[in-house]
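Below is one structure, written out as structure tokens; the observations come after it.
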Amino acid sequence: MILLNGGSSAGKSRIARCLQEVLPDPWLAFGIDSLVDALPPRLRDADGGIEFADDGGVHVGDGFRTLEAAWMEGVAATARAGAGVVVDDVFLGGAASQRRWREALTGLAVLWVGVRCDPDVAAERELARGDRPHGMAAAQAELVHRGVAYDLEVDTTRTGALDCARAVAARVG
């Protein structure tokens, strides 16, 4: 299992896709964006779900946390069933987010990877994407790494996703 953590527009999803290309066996990729997309509309804007503020802030409630915990357990079950799994996530709670994953992944071999990107570069990518509230990338660039322990860190500021994926793949045993 490989778990990629980084802020919005840091390049996690691209690294996950590149990992699927460079790893010798097939690996499944799961991302937090897919979980958010799978939520019922009432949990995307309302209290208790997940809210993306105009200033780039993200607020989550109990309804989201309940479904997130179920998703984490499902991802863990997939890995326990023998599939290679790459997850890209955004640890809004820093160390607390990592703790939730550690509990779900108990007994599994996990490579914890921090995906860093200069906040200004991430903000430029965010603007080019056009699908995120302005300010999200800069707000998350350092926040998501607070208190998180990694086996490996990569920086996409000047290093491409494929080279980052190769560095990660070299650590997969």
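The values are calculated or read from the model by the stated rules, or taken from the named source; none is laboratory data. Keep in mind the model is a prediction, meaning the values are calculated, not measured. Cβ atoms come from the backbone with ideal geometry, glycine included; neighbour counts cover every protein chain shown. We work out accessible area using only protein heavy atoms, side chains counted, and drop any ligands, DNA or RNA first. Shrake-Rupley method; radii C 1.70, N 1.55, O 1.52, S 1.80 Å.
Restricting the first member to the stretch 121-148 and to residues that are open to solvent by 70 Å² or more (accessible area, probe 1.4 Å), and the second to residues that are at pLDDT below 90 and not basic (Lys, Arg), no beta-carbon pair is closer than 6 Å while six or more apart or on different chains.
Here ASP88 fulfils each of the conditions (1) closer than 23 Å to LEU35 by Cα; (2) modelled with pLDDT of 95 or more; (3) in contact with a helix residue (DSSP H, G or I) (Cβ under 6 Å, 6 or more places away or on another chain); (4) part of a helix (DSSP H, G or I) apart from (4). Residues that are under 12 Å from TRP112 (Cβ atoms) and not basic (Lys, Arg) within the stretch 155-171 comprise just one, VAL168. Answer with yes or no whether ALA69 is open to solvent by less than 60 Å² (accessible area, probe 1.4 Å), without any contact (Cβ under 8 Å) to a residue 40 or more places away in the chain and not polar (S, T, N, Q). In short, yes. For ALA167, the conditions (1) at pLDDT below 95; (2) among the hydrophobic types (A, V, I, L, M, F, W, C); (3) within 19 Å of GLN20 (Cβ to Cβ) are fulfilled apart from (1).
Quickly run through the stretch 1-39 and pick out the residues that are polar (S, T, N, Q), touching a residue at least 12 places away in the same chain (Cβ under 8 Å) and either assigned to a strand (DSSP E or B) or over 26 Å from ARG158 (Cβ atoms) (or both). Please lay out each step first, then the result.
We begin by selecting, within the stretch 1-39, every residue polar (S, T, N, Q); these are 5, 8-9, 13, 20, 34.
Now drop any that are not touching a residue at least 12 places away in the same chain (Cβ under 8 Å), which leaves 5, 8-9, 13, 20.
Selection gives ASN5 alone.
The single residue among VAL87, VAL58 that is closer than 22 Å to HIS134 by Cα, surrounded by 15 or more Cβ atoms within 10 Å (Cβ to Cβ) and under 16 Å from the mean Cα position of the chain (by Cα) turns out to be VAL58. The set of residues in the stretch 93-120 that are in a loop (DSSP other than H, G, I, E, B), open to solvent by 30 Å² or more (accessible area, probe 1.4 Å) and under 20 Å from ALA29 (Cβ atoms) comprises LEU108, ALA109, VAL110.
Which residue, of ALA122, ALA141, ALA104, ALA137, is aliphatic (A, V, I, L, M) and at pLDDT 95 or above? First the steps, then the outcome.
On the way: ALA122 fails: at pLDDT 95 or above; ALA141 fails: at pLDDT 95 or above; ALA137 fails: at pLDDT 95 or above.
ALA104 is the lone residue from the list that is aliphatic (A, V, I, L, M) and at pLDDT 95 or above.
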